[in-house]
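Novice: Got a structure here, written out as structure tokens. Questions coming.
The values are calculated or read from the model by the stated rules, or taken from the named source; none is laboratory data. Remember, predicted model here, so these are calculated numbers, not experimental data. Counting neighbours? That spans all protein chains shown, and the Cβs are built from the backbone with ideal geometry, glycine included.
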Amino acid sequence: MINKIKKVCCVGAGMIGSSWAVNFSLKGYPVNMYDIRFPDLIDDTRAGIKNTLQYLADQNAIAESDVESALSKINYFSDFEAALEGVQYIQECAGENYKIKQDIIGQIDQYAQTDVIYASSTSGLLVSEIAKFSKHPERCIGAHPYNPPHLIPLVEITKCDNTDPDVIKTAIAFFRDLGKEPVVLQKEAPGFICNRLSYALYREAISLVMNGVCTIEDVDKAVTFGPGLRWAIFGPNMLYELGSTNGIGELFEKTGEMFDSVLADLADWKSFPKDFPTVAQEGVNAEKANFPEHIGKSNEDALKFRNDCLIAMLKLHHKF
């Protein structure tokens with residue numbers, strides 16, 4: 001089994017695949033990008049990657065010389081077999097669909113070396129199902145990045161019963177070399193760690209809005225200027241540890257009754273409210289209209305502000 005990754009292949013040149021390519025190339029890895037839509041998509045993909053790299057340089061997150069250096073490491077392929085030549089690691093970034101991913105693995109089984117590591121960027125599908133028909137399920141893992149991968153350090157590594165433990169060890173070492181913070185699920189769970197936590201929070205946010213407790217905008221303000229600020233520094237367990245003089249155990253001893261009363265009142269429905277998409281869109285439209293000038297009023301403005309803030313926080317975490 002491979003224990004050293006020297007060259008990678010990104011399957012899919014959309015938002016996630018291009019972002020991964022930026023991350024890989026900045027860390028010095030040659031990258032073969034494959035997309036079934038090439039060559040039609042090559043010019044747009046190349047331009048998007050260059051814009052991302054130039055933005056990082058403009059933010060002093062990377063050196064100006066890193067832009068051309070990274071671009072020189074990325075090659076584009078419309079032939080899957082050629083794209084897989086000489087690679088030790090494949091980052092699949094195709095649609096969130098088992099059939100699509102199973103078909104891709106079938107081609108990998110056909111064209112790639114048997115010990116090449118296959119990693120899916122899936123945000124919630126099970127590796128056991130993705131690798132169900134693979135000839136080499138032992139090399140298959142999930143490697144879910146948080147979007148955008150070139151900025152967010154987290155990678156959730158998922159596995160199945162057939163996954164070779166050495167593949168996990170190699171993947172962990174690889175991601176750490178990329179500057180990532182890998183976490184490993186010890187058993188399969190739909191949605192993994194972060195999306196389950198995010199969905200639990202968002203279910204309560206939906207419930208608060210639909211029950212007339214607050215607006216969409218106030219939910220976002222409450223998270224952004226409350227727990228969200230702290231979550232960008234430490235996770236919930238460490239923050240609760242700091243919430244009482246003698247730590248997390250004492251905190252829960254003191255507040256257990258309050259916790260129970262709130263938990264008993266939290267939303268527990270299992271089906272998404274059908275009318276919420278309309279409520280949500282109207283709410284975020286109103287929220288954007290109220291944004292201050294330093295953020296802007298459009299999605300494009302908000303995206304840039306988000307990335308600017310991410311880079312500022314990542315510099316504090318010594319990730320840039």
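Novice: Give D103, D109 a once-over and let me know the one that is without any contact (Cβ under 8 Å) to a residue 24 or more places away in the chain and part of a helix (DSSP H, G or I).
Specialist: D103
Novice: Select, from N23, N32, N3, the only residue that is outside the structural domain of T170 (by TED's automatic domain parsing) and touching a residue at least 12 places away in the same chain (Cβ under 8 Å).
Specialist: Details: N23 fails: outside the structural domain of T170 (by TED's automatic domain parsing); N32 fails: outside the structural domain of T170 (by TED's automatic domain parsing).
Answer to the check: N3.
Novice: Would you mind finding the one in A280, A286 that is modelled with pLDDT of 95 or more and either of a type outside the set (A, V, I, L, M) or touching an Asp or Glu at 6+ places or on another chain (Cβ under 9 Å) (or both)?
Specialist: Going through A280, A286 in turn, the sole match is A286.
Novice: Looking for something outside any strand (DSSP E or B), at pLDDT 95 or above and over 30 Å from D308 (Cβ atoms) - is there at least one such residue anywhere in the stretch 213-229?
Specialist: Checked against the condition, which is being outside any strand (DSSP E or B), at pLDDT 95 or above and over 30 Å from D308 (Cβ atoms), the stretch 213-229 yields at least one hit.
Novice: In contact with a Cys (Cβ under 9 Å, 6 or more places away or on another chain) and either surrounded by 15 or more Cβ atoms within 10 Å (Cβ to Cβ) or in a helix (DSSP H, G or I) (or both): which single residue out of I16, I2 fits that description?
Specialist: Details: I2 fails: in contact with a Cys (Cβ under 9 Å, 6 or more places away or on another chain).
Only one candidate qualifies: I16.
Novice: Criterion first (over 30 Å from K6 (Cα atoms), buried (at least 17 other Cβ atoms within 10 Å of the Cβ), under 23 Å from the mean Cα position of the chain (by Cα) and touching a residue at least 24 places away in the same chain (Cβ under 8 Å)) does I206 satisfy it? Spell out how you get there, then give the answer.
Specialist: Values: over 30 Å from K6 (Cα atoms): yes; buried (at least 17 other Cβ atoms within 10 Å of the Cβ): yes; under 23 Å from the mean Cα position of the chain (by Cα): yes; touching a residue at least 24 places away in the same chain (Cβ under 8 Å): yes.
Against the criterion (over 30 Å from K6 (Cα atoms), buried (at least 17 other Cβ atoms within 10 Å of the Cβ), under 23 Å from the mean Cα position of the chain (by Cα) and touching a residue at least 24 places away in the same chain (Cβ under 8 Å)), I206 qualifies.
Novice: Take the stretch 19-33 and flag every residue that is more than 20 Å from the chain's Cα centre (by Cα) and outside any loop (DSSP other than H, G, I, E, B).
Specialist: N32
Novice: In this structure, is D109 out of contact with any strand residue (DSSP E or B) (no Cβ under 8 Å at 6 or more places or on another chain) and of a type outside the set (S, T, Y)? Working first, answer last.
Specialist: Working: out of contact with any strand residue (DSSP E or B) (no Cβ under 8 Å at 6 or more places or on another chain): yes; of a type outside the set (S, T, Y): yes.
Answer is yes for this residue.
Novice: Within the stretch 91-99, can one find any residue that is aliphatic (A, V, I, L, M) and surrounded by fewer than 13 Cβ atoms within 10 Å (Cβ to Cβ)?
Specialist: There is no residue in the stretch 91-99 that is aliphatic (A, V, I, L, M) and surrounded by fewer than 13 Cβ atoms within 10 Å (Cβ to Cβ).
Novice: Let me spell it out: the conditions are (1) surrounded by fewer than 16 Cβ atoms within 10 Å (Cβ to Cβ); (2) outside any helix (DSSP H, G or I), and L197 meets all of them except one. Which number is the exception?
Specialist: (2)
Novice: Within the stretch 286-305, which residues are assigned to a helix (DSSP H, G or I) and either of a type in the set (S, T, N, Q) or touching a strand residue (DSSP E or B) at 6+ places or on another chain (Cβ under 7 Å) (or both)? Don't jump to the end; show me each part of the working.
Specialist: Taking the stretch 286-305 as the starting set, the residues that turn out to be assigned to a helix (DSSP H, G or I) are 286-289, 299-305.
The one that is assigned to a helix (DSSP H, G or I) and either of a type in the set (S, T, N, Q) or touching a strand residue (DSSP E or B) at 6+ places or on another chain (Cβ under 7 Å) (or both): N299.
Novice: Give the stretch 137-166 a look and list any residue that's of a type in the set (A, V, I, L, M, F, W, C), crowded, with 21+ Cβ neighbours inside 10 Å and within 18 Å of L125 (Cβ to Cβ), or say none.
Specialist: Those that are of a type in the set (A, V, I, L, M, F, W, C), crowded, with 21+ Cβ neighbours inside 10 Å and within 18 Å of L125 (Cβ to Cβ): C140, I141, A143, V155, I157.
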